[in-house]
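The values are calculated or read from the model by the stated rules, or taken from the named source; none is laboratory data. No experiment lies behind these values; they were computed from the predicted model shown. Cβ coordinates were reconstructed from backbone atoms using ideal geometry, including for glycine residues, and neighbour counts include every protein chain displayed.
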Amino acid sequence: MNPLEIGAYTCTSAAGIGLAAMKRSIAARESGLRPNDLAVCGLDTWIGRVDGIEKVEIPANASHLLSRNNQLAWLGLQQDGMLDSIERLKRTVSVERIGVIMGTSTSSIGRTEEAFANLLDDEQMAPEFRQPHVHTLHSPGIFVAAVTGLAGPSMTISTACSSSAKVFASASRWIGQGLVDAVLVGGVDSLCLSTLYGFNSLELISANPCRPFDRRRDGINVGEACGYCIVARRGTLPDARMLLLGYGESSDAHHMAHPHPDGLGALLAIDRALERAQLSASDIDYVNLHGTATPANDSIENRVLARRFDSRTKASSTKGWTGHTLGAAGILESIVTLEAMRTGDMPGTLNLEEPDPDAEFPIEQANLAMDIRHAITNSFGFGGNNATLVLGRSRG
Amino acid sequence: MPRSCLGDRVDSLDLAGVGIWSERFASWDQFSAIVRGESVDMTSQPQAKLIPPRDRRRASMFVRMAIEVMDHACRMGRVDPSSVATVFGSSLGDVEITDYMCSALAREPLSMSPTRFHNSVHNACSGYWSIATGAHWPANAVSAYDHSPAVALLEGAVLAIEERIPVLVAFQEARATHTFESIFPARNPLSIAMLLMQTSVCERPLGTLTLALEHDSKSKGLPVTPRLPEFAGTFTASMLDMLIAAAEGSDYSERFPISHSSTLAAQFSPSHLVCSRHRELPT
């Protein structure tokens, strides 16, 4: 494929609001996870919560879109000069030629939960909750288009935990087909009862800080995050230093909630991404893993690594800092990877203390200083929905 | 110069197959009969026989609606269902499951059903589809509120052209539950699948679909069909006039709003080799 330029990007998670705070947490090996302190949820687990979301005031032109998810989306959009970068982009590309593609697993369902907790006597929603543009999967796309003024096609992708990795694939196709010249891609998912109690019902949440690839790993910590990235046709962004070189999407065709035991879909996603990037596995210096800390995901993903890569390729999961941010994980971990490539500071795997003796591929525990020319990032979701991205640096 | 296939109308796709289900018509044949002014006996629920029985029991009505029309579209297009990529689009998704989950969370959160939880993902239909058919191709699930059908069609067309594979686009809305009635106008569920293929691959397509993205600051409402007024309020119904044209074998063009200043111009030209009303689903 024709590589896409990656311009400005930013992310916000429990590991930090904005890039600088996240990089400090990673360097200091300080997790953003905390014991569950949500007043409305009594589950014994740890969560990746972003402080202060409740106090975020969303812009007046989007006040009808109030939800925790859109508050987080707005908080994240104000970091790292992202809004200025969008304004600069508008000076070179007309707003109709800039698309918006957001990824989310649960959109603003936290607001729907609130509406149901406050129903009127006739079981209708109370007037303040009658927000048609909030109780839809497209809520993040509507919100981001409204507050940025971007006027090209806008879409929200919701394929569980691969959602905001797939935003890059769709953006690449839109640009490849000439629908638009640039796309603001993003992802946002916020803490809500649906995912906490849902993953609890599947016995997938941990009562401890999550320990990806550790022998004692026992489940995920649900986290919240958002991230954004400007991607564009080559030659559009004069300062772009990073590239999207490839993407691969696949379906496991196995089970709604369990990954394929041989990692068939994961391997297909990786192979398709490498093929599109015209690279081989030996060209990949770093893999940011899905690495959720469930027993099944990590052992299968480890076997997948062993089948494709040799130990010159380094691999780690960063969920020990952020928790599993579900539909936002794809973009959050893409940005973690882009920053590692830009700075040469590769994050290790926080909370991995006793490597799984059954692991066939070594997972990096410590942070490393290394030159990363090419990297991939994996995102796998319920429904057996997989996406892998190949990232690179631009010359000059 | 940027390539601008859709913008320049260079690329057309064949509409190789269609599936449609509502509480008034269970198949393309029944839909075509209603378009001709005939009456049909229709009481059945979507069978979704493609899903193995064990999984079918776990699948929600929303999933079964989608699988039913996706299966019909593949059979009409005579393609192996494991050979297609999928794009699914809906505004609110499985509103019954959302209603169940939010009610359970408000009353007794620990009672949450794990099956209903994993069925609540927006990509549940594409997940069940891939499991039932063994398809390992890309599967997308998107939403664009009232623009969901047109945006899913655009996304599917772009996928078919870029990746050179058949793409099954499915879009549907369920009936709003009581609590959602005040904000969500759908009173009649409607599910549609359209199988898009590169031209001259399918032997007997229904016709050719040409799509172009246009920039237009004039805001325009969704097209509504006066011939099936009971679907007003169901966003999926914005595609009904195109399907009526396909059933009648007539030309059709429409401009679907997809954002504040973009419209998807869609043009359908029927194949004249075969009259669509005589097409039968192979069994």
Whichever residue in region B:11-65 is among the hydroxyl-bearing types (Ser, Thr, Tyr) and either over 22 Å from B:Arg175 (Cβ atoms) or part of a loop (DSSP other than H, G, I, E, B) (or both) and, among such residues, is farthest from the chain's Cα centre (by Cα): B:Ser39
In region B:146-241, which strands (runs of 3 or more DSSP E) lie fully inside it and hold 1 or more residues that are within 14 Å of chain A (Cβ to nearest Cβ), surrounded by fewer than 24 Cβ atoms within 10 Å (Cβ to Cβ) and among the small types (Gly, Ala, Ser)? B:207-215
Could you tell me whether region A:129-139 includes any residue that is more than 18 Å from the chain's Cα centre (by Cα), crowded, with 19+ Cβ neighbours inside 10 Å, basic (Lys, Arg) and under 19 Å from B:Phe180 (Cα atoms)? no
Counting just the residues of region B:92-114 that are under 20 Å from B:Arg58 (Cα atoms) and assigned to a loop (DSSP other than H, G, I, E, B), which one comes out farthest from the other protein chains (Cβ to nearest Cβ)? B:Asp94
The conditions are (1) touching a strand residue (DSSP E or B) at 6+ places or on another chain (Cβ under 7 Å); (2) within 21 Å of A:Tyr197 (Cβ to Cβ); (3) touching a residue at least 60 places away in the same chain (Cβ under 8 Å), and B:Asn119 fails exactly one of them. Which is it? (1)
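Right, A:Glu249: under 21 Å from the mean Cα position of the chain (by Cα) and away from chain B (no Cβ under 14 Å) or not? Even if it seems obvious, please write down each step before you answer.
Numbers: under 21 Å from the mean Cα position of the chain (by Cα): yes; away from chain B (no Cβ under 14 Å): no.
For A:Glu249, the condition - under 21 Å from the mean Cα position of the chain (by Cα) and away from chain B (no Cβ under 14 Å) - is not met.
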Would you confirm, using the coordinates I've provided, whether B:Val87 is at the interface with chain A (Cβ under 10 Å from one of its Cβ atoms), among the β-branched types (Val, Ile, Thr), within 18 Å of the chain's Cα centre (by Cα) and under 20 Å from A:Arg111 (Cα atoms)? no
Residue hits (region A:151-176; at the interface with chain B (Cβ under 7 Å from one of its Cβ atoms), in a helix (DSSP H, G or I), farther than 20 Å from A:Ser190 by Cβ and out of contact with any Lys or Arg (no Cβ under 8 Å at 6 or more places or on another chain)) are A:Ser170, A:Arg173, A:Trp174
Which one of these is at pLDDT 95 or above, acidic (Asp, Glu) and closer than 30 Å to B:Phe180 by Cβ: A:Glu114, A:Glu87? A:Glu114
Would you pick out the residues in region B:242-256 that are surrounded by 22 or more Cβ atoms within 10 Å (Cβ to Cβ) and not in a helix (DSSP H, G or I)? B:Phe256
Condition check: modelled with pLDDT of 95 or more, at the interface with chain A (Cβ under 8 Å from one of its Cβ atoms) and not in a helix (DSSP H, G or I). Does B:Val79 satisfy that? no
In region A:205-245, how many are more than 17 Å from A:Phe380 (Cβ to Cβ), in contact with a helix residue (DSSP H, G or I) (Cβ under 8 Å, 6 or more places away or on another chain), within 14 Å of chain B (Cβ to nearest Cβ) and of a type outside the set (Ser, Thr, Tyr)? 3
Residues that are part of a loop (DSSP other than H, G, I, E, B) and within 20 Å of A:Tyr228 (Cβ to Cβ): does region A:366-376 have at least one? no
For region A:1-52, what are the residues that are at pLDDT 95 or above, more than 18 Å from the chain's Cα centre (by Cα) and β-branched (Val, Ile, Thr)? A:Thr45
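Determine if region A:120-130 includes at least one residue that is under 29 Å from A:Val390 (Cβ atoms) and touching an Asp or Glu at 6+ places or on another chain (Cβ under 9 Å).
No, the conditions are met nowhere in region A:120-130.
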Residue check, B:Phe117 against (1) over 25 Å from A:Gly176 (Cα atoms); (2) of a type in the set (A, V, I, L, M, F, W, C); (3) more than 12 Å from chain A (Cβ to nearest Cβ), all met but one. Which one? (3)
Being in contact (Cβ under 8 Å) with a residue 24 or more places away in the chain and under 21 Å from A:Pro140 (Cβ atoms) is true for just one of B:Ala139, B:Ala157, B:Ala132, B:Ala170. Which residue is that? B:Ala139
Residue ranges of strands (runs of 3 or more DSSP E) in region A:229-319 with at least 1 members touching a Pro at 6+ places or on another chain (Cβ under 9 Å), among the hydrophobic types (A, V, I, L, M, F, W, C) and in contact (Cβ under 8 Å) with a residue 24 or more places away in the chain: A:242-251, A:314-316
Scan region A:37-52 for residues that are in contact with a helix residue (DSSP H, G or I) (Cβ under 9 Å, 6 or more places away or on another chain) and either crowded, with 20+ Cβ neighbours inside 10 Å or charged (D, E, K, R) (or both) and report the count. 4
Which residue is nearest to B:Ser262 (Cα to Cα), if the candidates are limited to region A:127-140 and must be free of Cβ contacts under 8 Å to residues at least 60 places away in the same chain and facing chain B (nearest Cβ under 7 Å)? A:His138
Out of curiosity, is A:Ser201 surrounded by fewer than 24 Cβ atoms within 10 Å (Cβ to Cβ), facing chain B (nearest Cβ under 8 Å), within 25 Å of A:Ser251 (Cβ to Cβ) and of a type outside the set (A, V, I, L, M, F, W, C)? yes
Of all residues in region A:353-372 being under 21 Å from the mean Cα position of the chain (by Cα) and not polar (S, T, N, Q), which is surrounded by the fewest Cβ atoms within 10 Å (Cβ to Cβ)? A:Glu364
Failed condition for A:Asn200, given (1) under 23 Å from A:Leu65 (Cα atoms); (2) in a helix (DSSP H, G or I): (1)
